[in-house]
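What follows is a short report on a single structure.
The values are calculated or read from the model by the stated rules, or taken from the named source; none is laboratory data. Quantities reported herein were computed from a predicted structural model and do not represent experimental measurements. Methodologically, a virtual Cβ is constructed for each residue, glycine included, from the backbone with ideal geometry; neighbour enumeration extends over all protein chains shown. Accessible surface is based on the protein model in full, side chains and every heavy atom, while ligands, DNA and RNA are left aside. Shrake-Rupley method; radii C 1.70, N 1.55, O 1.52, S 1.80 Å.
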Amino acid sequence: MIASFIATGRLYGVGIGSTLANLRQNIICDFVDVVDEDGDSMRRDYGFIEFYLNLDQVWSVSGGAVELHRLAARSDVADRWRVAMGDDFARYLAWDELRAELERLPHPPVLEFVDQGDFLEYRSRATKVSVLVNNDHEERDGWLGHGDVWSIGLG
């Protein structure tokens, strides 16, 4: 599912331009909405998955993120997601595993590489999705290690 998100820019059928109604229809998990003080932007937070919305005529998605690093410390978040959505997310996802999955896709995305020091970024311009990979050279010890995916961002 993560590989498909990177390749298509859509997670559970939701991507940039999707409406709040699309979000409600496709993602049936508990959430918290955080609306800015002007009332024209909002973050819908599902625990480790977030969507950012802007209000024009209707609320529409302008971006989002899968914050995989949150799962290393809070497996209960993934448990709630599995019950609601039927999908499993592991506490850790190694970039090497995800890259191999991307390469098996019929049309793998072209990814540009940017070294950001503590993070490596792999970005698909076509889908506007970026993968941040931990580059701190530490091994896993209850927290993400070197080469683990930190997050996948849309926008």
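Using alpha carbon coordinates only, what is the Rg to Rh ratio of region 68-155, with Rh defined as the Kirkwood radius?
0.98
For V32, V149, write out the residues from largest to smallest accessible area, computed with a 1.4 angstrom probe and no ligands counted.
Values: V32 85, V149 0 Å².
Per-residue accessible area, sorted high to low, gives V32, V149.
Using square roots of five times the C-alpha gyration tensor eigenvalues, list the equivalent-ellipsoid semi-axes of the chain in whole Å, biggest first.
So the equivalent ellipsoid measures 25, 18, 15 Å along its semi-axes.
How many Å² of accessible area per residue for the chain, probe 1.4 Å?
That works out to 54 Å² per residue.
Can you give the direction-averaged projected area of the convex hull of the alpha-carbon atoms in region 28-98, in nm²?
5.7
Using the crude model of +1 on Lys and Arg Cβ and -1 on Asp and Glu Cβ, and no other charge, please compute the dipole size for region 80-129 relative to its Cα centre, in debye to 20.
With Lys and Arg at +1 and Asp and Glu at -1, about 280 debye.
Out of the total accessible area of the chain (probe 1.4 Å, heavy atoms of protein only), what percent is carbon and sulfur?
Details: 4010 of 8330 Å².
For the chain, the apolar C and S fraction of the accessible surface comes to 48 percent.
Taking every pair of alpha-carbon atoms in region 1-64, give the share separated by more than 20 Å as a whole percent.
20
Sort I6, I16 by accessible area with a 1.4 Å probe, largest first.
Ranking I6, I16 by accessible area, largest first, yields I16, I6.
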